[in-house]
1. Quick one: if the Förster radius is 25 Å, what FRET efficiency do residue 9 and residue 51 give, using the C-beta to C-beta distance and rounding to 0.05?
2. Roughly speaking, what is the stretch gain from residue 80 to residue 27, that is 0.36 nm per residue apart minus the C-alpha to C-alpha distance, in nm to one decimal?
3. Against the empirical 2.2 N^0.38 Å scaling, what ratio does the C-alpha Rg of the chain come to?
4. With the dipole of the chain worked out from charges on the C-beta (+1 for Lys and Arg, -1 for Asp and Glu) around the Cα centre, which of 64, 28, 43 lies farthest toward the positive end?
Amino acid sequence: MADESGIADADWESVAKNLLRGQLMTKGLSYAKLAEAMAGIGVEETEVSIKNKVGRGRFTFMFFLQAMTAIGTSRILLPTLAELQQGHGVGQGGAQTFAKKVSPSDTD
């Protein structure tokens, strides 16, 4: 089902998953390393539970914030509505697209 913007729910889920995966790629981290990093801030997640959440593209914003905090991400560039309508970051290759779109102030 698409919303008023013409973007389907499945595409929103794909973008959410690809944003998270793109950040992991940028930092060279696996789901196992993300689980370790999250444990470091007191959040208990397993590699399998993370894989399941990310694979579905359905997770809470709280989980996303915890993951970003755990891996040290302070800024994320979100796609514009026009980019989303053009399929930017949707589907296969979306994570790589987001991994390339990094704020200059967020690089280590």
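1. For R0 = 25 Å, the calculated efficiency reads 0.75.
2. 16.8 nm
3. 1.05
4. Most positive-ward Cα: 28.
Bear in mind that the values in this text are calculations on the coordinates, not laboratory data. These numbers were taken from a predicted model, which means no experiment stands behind them. Neighbour counts run over all protein chains shown; Cβ positions are idealised from the backbone, glycine included.
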